[in-house]
Amino acid sequence: MIIKKFVVGPLQENCYIVGDEETKQAIVIDPGDEPDRILEVIKDNNFKVSAVILTHAHFDHVGAAGDIKRSTGAKVLLHEGDKELYKGARDQAAFWGYEVDDLPEPDGFIKEGDDVKAGDLTFKVLHTPGHSPGGICLYGEGVIFTGDTIFQGSVGRTDFYGGDMAKLKESFRRLINLPGDTVILSGHGGETTVEREKRENFFIGEI
């Protein structure tokens, strides 16, 4: 498995390219900004990108989805619970003083239990609402891509449109019950593990 991480945009969002080392089949997770950087790595590694997976639809995670789709032919996929957020991404960005280009219509929706594949790599979709209604994580191959559900030492905010503290607590409990050596690759900040978050995440005291 090849994982390329990019910290992009004014909100320092983590975008990931995940590829099969043998087949070069790949997915892009949360291309929030700076599409030229992402596309350069795709080209340099001869990745064949089949899908852009959005862990949720806040503007800092979706802003470059259109550029990646146009350049690679990849399908843009997200959970249906975030389709309204996705449609409103430009307005979200404008509220914070940023700009986002027009986004393409989603090519489909992913849901709890679906498999997302990149060559011989398989990731299970976990629906983890709380930070947003349609927040998802991708779990498999010893790692989990958590978007803004859980970070190193923290969790996503719930004071945005569609946020729900009770649901975030449920999602958090679910994630920290995964195997302790699971590597957490989140939407902002550095990587961590489930075991570390059981010990150190402040949110443990909230559930």
Examine region 90-102 for a residue that is under 28 Å from Gly142 (Cβ atoms), surrounded by fewer than 19 Cβ atoms within 10 Å (Cβ to Cβ) and over 12 Å from the mean Cα position of the chain (by Cα), and state whether such a residue exists. no
Output for region 23-41, where each listed residue is under 16 Å from the mean Cα position of the chain (by Cα), farther than 16 Å from Glu99 by Cα and either of a type outside the set (Asp, Glu) or in a strand (DSSP E or B) (or both): Ala26, Ile27, Val28, Ile29, Ile38
Would region 160-172 turn up any residue that is exposed (fewer than 14 other Cβ atoms within 10 Å of the Cβ), modelled with pLDDT of 95 or more and over 30 Å from Phe95 (Cα atoms)? no
Would you confirm whether any residue within region 78-89 is over 23 Å from Leu121 (Cα atoms), among the basic types (Lys, Arg), surrounded by fewer than 24 Cβ atoms within 10 Å (Cβ to Cβ) and touching a residue at least 40 places away in the same chain (Cβ under 8 Å)? yes
Region 73-88, residues that are part of a helix (DSSP H, G or I), out of contact with any Leu (no Cβ under 8 Å at 6 or more places or on another chain) and not basic (Lys, Arg): Glu80, Gly81, Glu84, Leu85
Those residues of region 123-164 which are more than 15 Å from the chain's Cα centre (by Cα) and not in a loop (DSSP other than H, G, I, E, B), in sequence order: Ser154
Determine whether Leu175 is outside any helix (DSSP H, G or I) and within 24 Å of Ala51 (Cβ to Cβ). no
Within region 1-22, restricting attention to residues that are farther than 15 Å from Asp120 by Cα and assigned to a loop (DSSP other than H, G, I, E, B), which residue is modelled with the highest pLDDT? Gln12
Return the residues of region 143-159 that are surrounded by fewer than 16 Cβ atoms within 10 Å (Cβ to Cβ) and closer than 16 Å to Thr55 by Cα; say none if nothing qualifies. Arg157
Looking at (1) within 30 Å of Gly163 (Cα to Cα); (2) of a type outside the set (A, V, I, L, M, F, W, C); (3) out of contact with any helix residue (DSSP H, G or I) (no Cβ under 6 Å at 6 or more places or on another chain); (4) at pLDDT 95 or above, which is the one condition that is false for Tyr98? (4)
Pairs please, first residue from region 46-63 and of a type in the set (Ser, Thr, Tyr), second anywhere and surrounded by fewer than 24 Cβ atoms within 10 Å (Cβ to Cβ), Cβ atoms under 9 Å, 6+ apart in sequence or on different chains. Ser50/Gln25; Ser50/Thr72; Ser50/Gly73; Ser50/Ala74; Ser50/Lys75; Ser50/Lys117
His56 vs. criteria in a helix (DSSP H, G or I), under 20 Å from Thr146 (Cα atoms), modelled with pLDDT of 95 or more and in contact with a strand residue (DSSP E or B) (Cβ under 8 Å, 6 or more places away or on another chain): no
Subset of region 112-122 that is closer than 23 Å to Ile42 by Cα and free of Cβ contacts under 8 Å to residues at least 40 places away in the same chain - its residue that is surrounded by the fewest Cβ atoms within 10 Å (Cβ to Cβ): Asp115
Among residues belonging to region 173-207 that are closer than 27 Å to Pro10 by Cβ and either of a type in the set (Val, Ile, Thr) or free of Cβ contacts under 8 Å to residues at least 12 places away in the same chain (or both), point out the one that is surrounded by the most Cβ atoms within 10 Å (Cβ to Cβ). Ile184
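The values are calculated or read from the model by the stated rules, or taken from the named source; none is laboratory data. Predicted model, so just to flag it, every value in this text is computed and none were measured. All Cβ positions, even for glycine, are placed from backbone atoms using ideal geometry, and neighbour counts span all protein chains on display.
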